[in-house]
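**Student:** Dropping a structure here in structure tokens format, bear with me for questions.
Values in this text are rule-based calculations from the coordinates and carry no lab data. Values in this document were obtained by computation on a predicted structure and should not be read as measured data. No Cβ is skipped: glycine too gets one built from the backbone with ideal geometry, and neighbour counts run over all protein chains shown.
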Amino acid sequence: MIDSPLALRNITRNIDKIDPESIEEYLKTDGYEALKKTLTMKPKEIVSIIRDSGLRGRGGAGYPTGLKWYFAANTQSDAKYVICNADEGEPGTFKDRILMEGDPFSLIEALTIAGYAIGSNKGYIYIRDEYRLSIRRLQNAIEKAQQSGYLGLNILGSGFDFDLEISIGAGSYVCGEETALFESLEGKRGEPRIKPPYPTESGLFGKPTVINNVETLVNIPLIVNRGADWFKEIGTECSPGTKIFTLSGDVARPGAIELPLGTTLRELIYEVAGGISSEEKLKMIQLGGAAGHCLSPDYLDISLDFDSLAVKGLSLGSGAILVLDESRSIIKTAYSLAKFFCHESCGQCTPCREGTLQQKEILGRILSKKSSEKDLELLERLSVSMVQTSLCPLGQTASLGISSAIKHFKEEFLSYSERGI
Amino acid sequence: MHKDLRIEEIARLHRGNLLPMLKQLQTEFGYLQKQVLKKLAKETGIPLSQIYATATFYSLLTTKEKGQYVIRICESPSCELQDKEEILTAIWEELGIIPRETTRDRKFSLEFSSCLGQCDKGPALMVNGDTYTNVKPSDIGEILSRYHLREEVKQ
């Protein structure tokens, strides 16, 4: 975690403060107080608290968490599932990893509360195989919670049964998309499903399912303990709470930091991360990971919250912030993005499968200075088709970084293509 | 025969859930050979096409034999900024392989990987399950020697 006077330590309060493998230490920091409180209330009341808090999904889409819970709670079914999406793979993002490594019990407590709220007895944590330390810490936490009566049958004598299982991925970015994740959990190729039906109606094994991101979930025990009004005081009116931002690239102090939503890029880059690491000037910021927009320094004063960004056609994404200084090549970065999406496209729908391949080929031509000016036009048209016709968010966002880079750094692209003619 | 029995056991253990079966078969047999997948299809009733489609979908599953230790270098934009090329050169100097190649003694394979989630500590790489961050070209010799050593201890 980056040390900064601006930092808040709400969801990150236990990271580097307690032994993440000790349930005793977790209990000493109000651990499991929220679950105890939950079990004295009606499931409906818990759903109301989360709805009132205005908590929105931290995985990228910003969907109201309480609404998901409300829909799932009100769907009748013999079985329901709660899933934690821990398949963090968005380039530049490592917030979920530090939460799972540093405070695994908070996540497990949150999932148990979610199970109680929607009427589910079974939860899964779907996590990428590369996160070995997170997997070990979560396994340990689940075992200790089971031994202490916080998971399993008749939790704390309440009559509520809930258990958790870890499901480990096998290397696939698209499995972070919720319906692809269900397919993978069911043992198949991770190809996204067509929506609707939405997961709260028909998710894992066709049953009503609530799926939330790690960072979203760790807010739950705090909201239950401290109340919706406490939560709403942090952040902005429509984007309450904090967000973990992960900074990488050419900044003096890269790392993760928890800040209120509504912080500006300027504060993040210059106050928190200590500015640019070299003598060079700031050139480009990519906001939200590989699927995010590439921005020029003109955007430094934009407020990082869901709505302010949406108004400008931008997205907060995972909260990843990649910073490039003037010495860096935008074309190389764009090509690197194109290569990534071409590799990770699942191949199910044509606009994404072919579009990501064409992006890579065209940018390859530009990079080797063998392109014409028409190639830029082609990339822009391709982007429109991919955004409008791809099945899932991977295809819909796979061209955003490239098209925004062309928009803000057109001169650089033109200098490459002109020389190539 | 022993192998066939093990495939039957693994198929039963995971009750129709193909991905964990494939992961376990790979762990035990090194890679997913054609014969293993055929036997699995027969055992589970899952069409071979579906088994192969799943086995080839995930980056961490392989239907081709690889080295005992797979070095996976993070290729994400954050790591790309951090002298990744010099790391590749250092590996070439140590092992004589470039990405997507395996050493002759089948000890090491080299691959690229999507983001490993160590973006503030790049360049990052993994050797099987072990993660290394802030890797400098001069670290490569020492990192690789750990796996050479592990072999000697075993023998």
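**Student:** Report, by chain and number, residues whose modeled amide H sits under 5 Å from the one on A:I211, excluding near sequence neighbours (fewer than 5 apart, same chain).
**Tutor:** Amide H neighbours of A:I211: A:I83.
**Student:** I would also like to ask the following. Just to be sure I understand: with springs between alpha-carbon atoms less than 10 Å apart, which residue in B:L48, B:L95, B:L116 has the highest mean-square fluctuation in the Gaussian network model of chain B?
**Tutor:** B:L48
**Student:** Just the projected area, averaged over all directions, of the convex hull on the alpha carbon atoms of the protein assembly as shown: how many nm²? Write out the running numbers ahead of the final one.
**Tutor:** Working: hull surface 107.8 nm².
Here the figure is 27.0 nm², rounded to one decimal.
**Student:** Near the amide H of B:E101, under 5 Å away, which other amide H atoms are found, from residues 5 or more places off or on another chain, if H is placed in the peptide plane?
**Tutor:** When sequence neighbours closer than 5 places are left aside, the close amide H contacts are B:L110.
**Student:** Taking the Cβ of A:C349 as the centre, find all other residues whose Cβ is under 15 Å away and add up their charges (Lys, Arg: +1; Asp, Glu: -1).
**Tutor:** Summing Lys and Arg as +1 and Asp and Glu as -1 gives -1.
**Student:** On a straight-distance basis, which lysines could pair with A:K68 in a cross-link, Cα separation under 21 angstrom, same-chain partners fewer than 8 positions away excluded?
**Tutor:** Those lysines meeting the cut-off are A:K42, A:K44, A:K80, A:K122, A:K195, A:K207, A:K232, A:K243.
**Student:** Also: If you take each beta carbon of peptide B:77-86 and count the beta carbons of other chains within 10 angstrom, what is the mean?
**Tutor:** Numbers: counts 18, 14, 4, 9, 12, 2, 0, 0, 0, 0.
Mean shielding by partner chains, rounded to a whole number: 6.
**Student:** Which ³J(HN,Hα) values in Hz, rounded to whole numbers, follow from the phi angles of region A:126-134 under the Karplus curve 6.51 cos²θ - 1.76 cosθ + 1.60, where θ = phi - 60° and Gly and Pro get x?
**Tutor:** With coefficients 6.51, -1.76 and 1.60, one gets 9, 10, 6, 4, 5, 8, 5, 5, 4 Hz.
**Student:** While we're on this one: In peptide A:89-95, how many Cβ atoms from other protein chains are near each Cβ within 10 Å, on average?
**Tutor:** Partner-chain Cβ atoms within 10 Å, mean over residues of A:89-95: 6.
**Student:** Using a 7 Å offset from the Cα along the Cα-to-Cβ direction at both A:S277 and A:L300, what is the distance between the two label points in nm, to one decimal?
**Tutor:** Distance between the two pseudo-spin positions: 2.0 nm.
**Student:** Still on this structure, please answer the following. What Cys residues in chain B have no fellow cysteine's beta-carbon under 4.7 angstrom?
**Tutor:** B:C115, B:C119
**Student:** For helix A:374-389, report the angle its Cα long axis makes with the longest principal axis of the Cα atoms of chain A; keep it between 0 and 90° and round to the nearest 10°.
**Tutor:** Value to nearest ten degrees: 20.
**Student:** Between A:L357 and A:Q139, what length comes free when the chain is fully extended (0.36 nm per residue of separation minus the Cα-Cα distance, one decimal in nm)?
**Tutor:** Computed gain between A:L357 and A:Q139 is 74.6 nm.
**Student:** Classify region B:2-55 as rounded, prolate or oblate from the Cα gyration tensor: take a ≥ b ≥ c as the square roots of its eigenvalues, call it rounded if a/c is under 1.5, otherwise prolate when a/b beats b/c and oblate if not.
**Tutor:** Since a/c stays below 1.5, the shape of region B:2-55 is classed as rounded.
**Student:** At 222 nm, what value in deg cm²/dmol follows for chain A if DSSP H runs of at least 4 each add -39500 (n - 2.57) and the sum is divided by all its residues, to the nearest 500? The partial results should precede the final answer.
**Tutor:** Values: 17 runs with 178 residues, N = 421.
After summing the helix terms and dividing by the residues of chain A, the value is -12500 deg cm²/dmol.
**Student:** Show me, for region A:308-324, the HN-Hα J-couplings you get by feeding each phi into the Karplus relation (A = 6.51, B = -1.76, C = 1.60, θ = phi - 60°), rounded to Hz, glycine and proline as x.
**Tutor:** Values per residue, Gly and Pro as x: 4, 6, 4, 4, 8, x, 10, 9, 6, x, 7, x, 7, 10, 9, 10, 10 Hz.
**Student:** List the trypsin sites (Lys or Arg not before Pro) within region B:1-69 that fall in a DSSP loop (any state other than H, G, I, E or B) and whose Cβ has at most 14 other Cβ atoms within 10 Å. Mind dumping the intermediate values first?
**Tutor:** Values: sites: B:K3, B:R6, B:R12, B:R15, B:K23, B:K34, B:K38, B:K39, B:K42, B:K64, B:K66; in loops: B:R15, B:K64, B:K66.
Sites meeting the loop and neighbour criteria: B:R15, B:K64.
**Student:** Under the rule a/c < 1.5 gives rounded, and otherwise a/b versus b/c splits prolate from oblate, where does region B:69-154 land using the Cα gyration tensor?
**Tutor:** Prolate, since a/c reaches 1.5 and a/b exceeds b/c.
**Student:** Using only alpha carbon pairs under 8 Å that are at least six residues apart, calculate the relative contact order of region A:330-420 and give it in whole percent. Mind showing how you got there, number by number?
**Tutor:** On the way: 112 pairs, mean separation 34.4, N = 91.
Relative contact order of region A:330-420: 38 percent.
**Student:** Of A:V218, A:V311, A:V82, which has the largest mean-square fluctuation in a 10 Å C-alpha GNM of chain A?
**Tutor:** Of the options given, A:V311 has the highest mean-square fluctuation.
**Student:** Continuing with this model, one more query. Rounded to the nearest 5, what is the percent of antiparallel bridges among the DSSP beta bridges in the protein assembly as shown? Intermediate values should be presented prior to the final figure.
**Tutor:** Details: 28 of 55 bridges.
Here the share of antiparallel DSSP bridges comes out near 50 percent.
**Student:** I would also like to ask the following. Please list the non-local residues whose amide H lies under 5 Å from the amide H of A:G249, H modeled 1.01 Å from N, same-chain partners needing a gap of 5 or more.
**Tutor:** For A:G249, the qualifying residues are A:V323.
**Student:** Now for a separate question. Using Cα springs under 10 Å in a Gaussian network model of chain A, which residue among A:R97, A:R266, A:R226 shows the largest mean-square fluctuation?
**Tutor:** Highest fluctuation of the listed residues: A:R226.
**Student:** Another question, then. Inside 10 Å of the C-beta atoms of B:50-63, what's the mean count of C-beta atoms belonging to other chains?
**Tutor:** Details: counts 2, 0, 0, 3, 7, 2, 1, 13, 9, 9, 8, 3, 0, 0.
Rounded to a whole number, the mean comes out at 4.
**Student:** While we're here: I want the local charge near B:D4. Using Cβ-Cβ distances under 11 Å, sum +1 for each Lys or Arg and -1 for each Asp or Glu among the other residues. List each step's numbers first, then the result.
**Tutor:** Values: positive: B:K3, B:R6, B:K38, B:K39, B:K42; negative: B:E8, B:E9, B:E43.
Result for the local shell: +2.
**Student:** Fewest to most neighbouring Cβ within 10 Å: what's the order for B:M126, A:M386? Present the calculation step by step, with values, prior to reporting the outcome.
**Tutor:** Working: B:M126 20, A:M386 27.
Fewest-to-most ranking of B:M126, A:M386: B:M126, A:M386.
**Student:** To continue, here is another question. Excluding residues fewer than 8 places away in the same chain, name every one of the lysines whose C-alpha is closer than 24 Å to that of A:K374.
**Tutor:** A:K332, A:K339, A:K360, A:K407, A:K410
**Student:** Mind sorting B:T62, A:T200, A:T40, A:T389 by how few other Cβ atoms lie within 10 Å of their own Cβ, fewest first? It would help to have the intermediate numbers written out before the result.
**Tutor:** Details: B:T62 17, A:T200 21, A:T40 8, A:T389 14.
Going from sparsest to densest Cβ surroundings: A:T40, A:T389, B:T62, A:T200.
**Student:** Still on this structure, please answer the following. Taking θ as phi - 60°, what are the ³J(HN,Hα) couplings along region A:80-92 by the Karplus curve (6.51, -1.76, 1.60), each to the nearest whole Hz, with x for Gly and Pro?
**Tutor:** After applying 6.51 cos²θ - 1.76 cosθ + 1.60, I find 9, 10, 10, 10, 9, 7, 10, 8, 5, x, 5, x, x Hz.
**Student:** Only counting other Cβ atoms within 10 Å, I'd like B:L5, A:L185 sorted with the fewest neighbours first.
**Tutor:** With the fewest neighbours first, B:L5, A:L185 line up as B:L5, A:L185.
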